[in-house]
1. Could you grab the pairs with beta carbons closer than 7 Å, sequence gap of 6+ or different chains, first residue in the stretch 267-288 and in contact (Cβ under 8 Å) with a residue 24 or more places away in the chain and under 11 Å from Gly365 (Cα atoms), second one more than 16 Å from the ligand (Cβ to nearest atom) and part of a helix (DSSP H, G or I)?
2. Just checking, which of Ile139, Ile113, Ile122 is buried (at least 24 other Cβ atoms within 10 Å of the Cβ) and outside any helix (DSSP H, G or I)?
3. Tell me, which residue of the stretch 305-320 that is in contact with a Pro (Cβ under 9 Å, 6 or more places away or on another chain) and within 16 Å of the ligand (Cβ to nearest atom) is nearest to Cys356 (Cα to Cα)?
4. Within the stretch 304-317, does at least one residue satisfy the condition of being farther than 14 Å from Val204 by Cβ, buried (at least 18 other Cβ atoms within 10 Å of the Cβ) and aliphatic (A, V, I, L, M)?
5. With Gly173, Gly162, Gly149 as the choices, which residue is surrounded by fewer than 19 Cβ atoms within 10 Å (Cβ to Cβ), away from the ligand (no atom under 16 Å from the Cβ) and modelled with pLDDT of 95 or more?
6. Determine whether Val101 is aliphatic (A, V, I, L, M) and farther than 30 Å from Ala131 by Cβ.
7. Being surrounded by 13 or more Cβ atoms within 10 Å (Cβ to Cβ) and either within 15 Å of the ligand (Cβ to nearest atom) or within 17 Å of Phe201 (Cα to Cα) (or both) is the filter here, so list the residues in the stretch 238-263 that pass it.
Amino acid sequence: MYQPAITGHGVFTPTQSITNDELVVAFNAYADLWNAEHAEAIAAGEVEAKPQSSSDFIFNASGIEQRYVLDKAGVLDPTRMFPALPARDDEQPSYMAEMAVDACGKALKMAGIDAGEIDLVICAASNHERAYPAIAIEIQQLLGCAGFGFDMNVACSSATFGIQAAADMVRAGSVRRALVVCPEICSGHLEWRDRDCHFIFGDVCTAVVLERSEDAKGARFDVISTRCATQFSNNIRNNNGFLRRTHDQMDDRREMQFMQNGRKVFKEVLPMVSTHIAEHMDDAGWAAGDLKRLWLHQANKTMNDFIGKKVLGRVPEEGEQPNILQDYANTSSAGSIIAFSKHSDDLTPGDKGVICSFGAGYSVGSVLIERA
Ligand code: COA
């Protein structure tokens, strides 16, 4: 058995961003157009008028201030309200693979290894651009990695589940070096025309390199223990799937985009996650006082404040539980890894931390790491 370690990480951030104010202006213009178009039905009481969105609501309910997207113009066009990403022919790299190459390049550089030394690529994300061939295999080919690759989908928990899979393989010796990459084009499955959720998501890609601790060329985080759990729930759901045509449902349907019962998610996921982290740490012999940092899934500031307080047994101090959601919004599986990537360099040997993601499924994954 080998000790797995995270030796590199990287983030691809799109160049375009949308502030809450910009988003709300576009949404309200869309709502006005829709209401004008349906004025008669609204007046007859047959349909409800679309209410306006508000920047204050968004910030107060979520902590989000802006989000990065691959295409801003399409999202902010009130007659469109979703990104325009032109179809690419089969000879061009897919959007997800292109983002992945950037993030993986940064992670490989940090680890000080060549792509050819990687023998496993896991593309772990909440949606994949096509059914097959796997995006991971395309990334493997574009980077020039050896070995094999496969796609994984555990929604917002994809990164930690991917890290567990890779760490277990490094530990067992079936692979020597792995990339776990999370390209998230959340703008593609978000319903920008629904004010209850239009502010939630953004686009990004993260990558981490895992290898044997003994192979590390620079600073590393040993993966001490991983734990994953799932429990079925319909409260975060997307019905888009390969049987859509067979259901005669090719029209523009609400349930083919992200849907959630936010309040229920909030109530049910919080205790699940707090208990999960506490039990995982307890079984590893870690006390709350041993923790230097918590890198949590980035969906909602209040949610993270609650989990941080529950896990530490006190209000987290500045920097102990860093949030990036104010800048990136919810980036599904990538959120906890962005937080880790941007807020881990200052840790010193012996410092312990937890990466934890949670979301649809429900799913929760925790990774206990120690700076070495
Ligand atoms: N602008 C203005 N008002 C809005 C609005 C908007 N954009 N969106 C909703 N509202 C209204 C609602 O209609 C509701 O009005 P009502 O009280 O008259 O019915 C009110 O604001 C409160 O809405 P609610 O949905 O209960 O807000 P919330 O405080 O629960 O916050 C979330 C919404 C989504 C931010 C929050 O529930 C959340 O973060 N949940 C967990 C999400 C999560 O982790 N999901 C995982 C995804 S991977």
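The values are calculated or read from the model by the stated rules, or taken from the named source; none is laboratory data. As the structure is a prediction and not an experimental result, all values here were calculated from the model. Methodologically, a virtual Cβ is constructed for each residue, glycine included, from the backbone with ideal geometry; neighbour enumeration extends over all protein chains shown.
1. Matching pairs, first to second residue: Ile277/Val311.
2. Numbers: Ile139 fails: outside any helix (DSSP H, G or I); Ile113 fails: buried (at least 24 other Cβ atoms within 10 Å of the Cβ).
Checking each option against the conditions leaves just Ile122.
3. Once the filter is applied, the top-ranked residue is Gly308.
4. yes
5. Going through Gly173, Gly162, Gly149 in turn, the sole match is Gly173.
6. no
7. Asn238, Met256, Gln257, Phe258, Met259, Gln260, Asn261, Gly262
Each row is one residue, and each column tells you yes or no for (1) of a type in the set (A, V, I, L, M, F, W, C); (2) away from the ligand (no atom under 16 Å from the Cβ).
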{"site": "Val265", "(1), (2)": "yes, no"}
{"site": "Glu268", "(1), (2)": "no, no"}
{"site": "Pro271", "(1), (2)": "no, no"}
{"site": "Asp283", "(1), (2)": "no, yes"}
{"site": "Trp286", "(1), (2)": "yes, yes"}
{"site": "Asp290", "(1), (2)": "no, yes"}
{"site": "Arg293", "(1), (2)": "no, yes"}
{"site": "His297", "(1), (2)": "no, no"}
{"site": "Met303", "(1), (2)": "yes, no"}
